[in-house]
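First the structure, in the form of structure tokens, and then the observations on it.
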Amino acid sequence: MAMVSSSSSRSSRPRVVIVGAGFGGIRAARALADRPVDVLLIDRANHHLFRPLLYQVATAGLGPESIAMPIRQLVARRDDNVEVMLDEVCGGDPEAGVVFTSAGRRIPYDYLILGVGGMPNLFGNDHWRPHLFHLGNLRAAMSLKENLLACYEAAAHEEDDARRQSLLTFVVIGGGPTGTELAGALAELGRSVVPKDTRRIRPKDIRVVLVEANDRVLGTFHPELSHAAKGMLEDLGVEVHLGSPVTEVDARGVRLDDGARIESHTVCWASGVAPVPLGKAMGLPVDDDGAILVSADLSVPGHPNVFALGDGTRFVPPGEEAPLPGVAPVAIQMGEHIGGAIKRDLDGDGRRDFHYLDKGMLATVGRSQAVLQMGALRMSGTVAWLVWCVVHVWYLAGFRNRMKVLLDWTWNYVTFRPGARVLTFESGDRFGEPGAGVGVMSRPRPVSAPPVDPTPAPRRGAA
């Protein structure tokens, strides 16, 4: 594909290119909105997504518009120095100071901020991809929701007992925060909501299985909280299988390492995130997993004008052994720090090292139940759940979204009737991946990385 240069409209001011409109990319763009730079924010989607609540979209608790907001609306500023481009960066040449996009653009930069995030990590089991649902983006969450609702519709009138049980069995692989929250929400949907919609499905018909390879759920939390979370899940009726790695996933279900077979039409992957391989494609230093290595100021070693943040980055704080986790508070603080570093460059001041302020960890496990860990403070139950609600509403982008989520949560809490239980396909329509099947038998879009071309495009002179 011929590369189209984007240099014709460049001003004399430094250009900052930000790849990815996640938590970190948005914060960096906002930090630079009032500075004498031209900021170009590039993302594959036109919206910023509040990923911590994707599981509620997938389980019909919230509509997709409640956790997404147009990027242009978020970065609009009076100075008008921030542009947004809908495209995908698939490579680049750090020595020449350019990135390449899937649309054939060749975009020069003076500073580059990479916040491309991660993708589901299948640990080498790529052949499982066609059989898994995941929560990597809004479309994936909607695909899971459609499948859930279609399973219930089909099961309500299914005469074959084995097929009916398979339709009403939901497997979640991974007992981290995402998997734990998803399993709890699936159990509540199946036992408190669906039986009210049809008398043909009873709460005891629903089976939700959480499979975790390690010996406890929420492994990053204190063992006391992990034990509490496991009890909350079991109170909801979730079957928790610990120390049970999955050895096989196919179109009919999963098999565990002890030989147990679980037949299911819905298998959800929540067991780890791998970096998007853009850093490797650009020739930047990466670790064995492909995460971009960064220095103390979050710049990439050997490339002081290139920064990286978020899930696709490996940053180990001084004195620590483990890298910072890929969670929203880390990305937010990284984005703010990088924006500040560029401003200090412009002002002629020296850069500062990045120091993460740990604000604690939260995970909700169903209605009115959550766990909270903040330093030496450990809490579980309703108070932790209220804190979880406040924190998540606070970090949502936009006043409208905050109010809408609060109203939806209040309605759901009082009525047990979430309002997002709408299928967008009709009986006989093809659903999911083209050619995958009709109705409930279809599978989701494959879990995959965005296409990355590791071959730098030919240069066309100075940009």
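The values are calculated or read from the model by the stated rules, or taken from the named source; none is laboratory data. Here the structure is a predicted model, which means the values were calculated and not measured. Reconstructed Cβ throughout: ideal geometry from the backbone, glycine too, with neighbour counts over all protein chains shown. When the accessible area is computed, the model is the full protein with side chains, heavy atoms only, and any ligands, DNA or RNA have been set aside. Shrake-Rupley method; radii C 1.70, N 1.55, O 1.52, S 1.80 Å.
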Scanning the range 32-70 for residues that are under 15 Å from Pro14 (Cα atoms) and outside any loop (DSSP other than H, G, I, E, B), which turns out farthest from the chain's Cα centre (by Cα)? Asp38
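For residues in the range 165-207 being among the hydrophobic types (A, V, I, L, M, F, W, C) and over 22 Å from the mean Cα position of the chain (by Cα), which is farthest from Tyr55 (Cα to Cα)?
Looking at the filtered set, the residue picked out is Ile201.
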In the range 238-251, anything surrounded by fewer than 18 Cβ atoms within 10 Å (Cβ to Cβ) and within 23 Å of Lys204 (Cβ to Cβ) is listed as Glu239
Of the numbered conditions (1) over 26 Å from Gly24 (Cα atoms); (2) of a type outside the set (Phe, Trp, Tyr); (3) touching a helix residue (DSSP H, G or I) at 6+ places or on another chain (Cβ under 6 Å), Val414 fails exactly one; give the number of that condition. (3)
Go through the range 106-121 residue by residue and tally those that are surrounded by fewer than 20 Cβ atoms within 10 Å (Cβ to Cβ) and either touching a helix residue (DSSP H, G or I) at 6+ places or on another chain (Cβ under 6 Å) or at pLDDT 95 or above (or both). 2
The range 197-225, residues that are charged (D, E, K, R), part of a helix (DSSP H, G or I) and in contact with a Leu (Cβ under 9 Å, 6 or more places away or on another chain): Asp205
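Looking at the range 246-284, which of its residues are assigned to a strand (DSSP E or B) and either within 21 Å of Val99 (Cβ to Cβ) or small (Gly, Ala, Ser) (or both)? Walk me through how you get there before you give the answer.
So the first thing to find is which residues in the range 246-284 are assigned to a strand (DSSP E or B), and the list is 246-250, 253-256, 261-263, 266-269, 273-275.
Once the filter is applied, which keeps residues that are assigned to a strand (DSSP E or B) and either within 21 Å of Val99 (Cβ to Cβ) or small (Gly, Ala, Ser) (or both), the range 246-284 yields Gly253, Ala274, Pro275.
Report yes if some residue within the range 89-96 is within 27 Å of Thr247 (Cα to Cα) and either open to solvent by 10 Å² or more (accessible area, probe 1.4 Å) or within 26 Å of the chain's Cα centre (by Cα) (or both); otherwise report no.
No, that holds for no residue.
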When the range 257-273 is examined, which residues are found to be in contact with a Pro (Cβ under 7 Å, 6 or more places away or on another chain) and open to solvent by less than 40 Å² (accessible area, probe 1.4 Å)? Trp269
Pairing a residue in the range 289-301 that is open to solvent by less than 30 Å² (accessible area, probe 1.4 Å) with any residue that is of a type in the set (Ser, Thr, Tyr) and not in a loop (DSSP other than H, G, I, E, B), where Cβ atoms lie under 7 Å and the two sit 6 or more apart in sequence or on different chains, gives Ala291/Thr313; Ile292/Thr313; Val294/Thr313
Residue check: is Pro223 more than 18 Å from Thr382 (Cα to Cα), modelled with pLDDT of 95 or more, surrounded by fewer than 24 Cβ atoms within 10 Å (Cβ to Cβ) and not aliphatic (A, V, I, L, M)? yes
Taking the condition charged (D, E, K, R) and touching a Ser or Thr at 6+ places or on another chain (Cβ under 6 Å), does Glu263 pass? yes
Keeping to the range 384-409, report how many residues are over 25 Å from Ile71 (Cβ atoms) and either part of a loop (DSSP other than H, G, I, E, B) or open to solvent by 60 Å² or more (accessible area, probe 1.4 Å) (or both). 2
Looking at the range 142-153, I want the residues that are under 20 Å from Glu65 (Cβ atoms) and have a partner that is part of a helix (DSSP H, G or I) and among the small types (Gly, Ala, Ser) with Cβ atoms under 7 Å, at least 6 apart or on another chain. Which pairs are those? Leu144/Ala58; Lys145/Ala58
Output for the range 352-383, where each listed residue is open to solvent by 90 Å² or more (accessible area, probe 1.4 Å) and touching a residue at least 60 places away in the same chain (Cβ under 8 Å): Arg378
Output for the range 407-417, where each listed residue is out of contact with any Cys (no Cβ under 8 Å at 6 or more places or on another chain) and within 25 Å of Gln373 (Cβ to Cβ): Tyr413
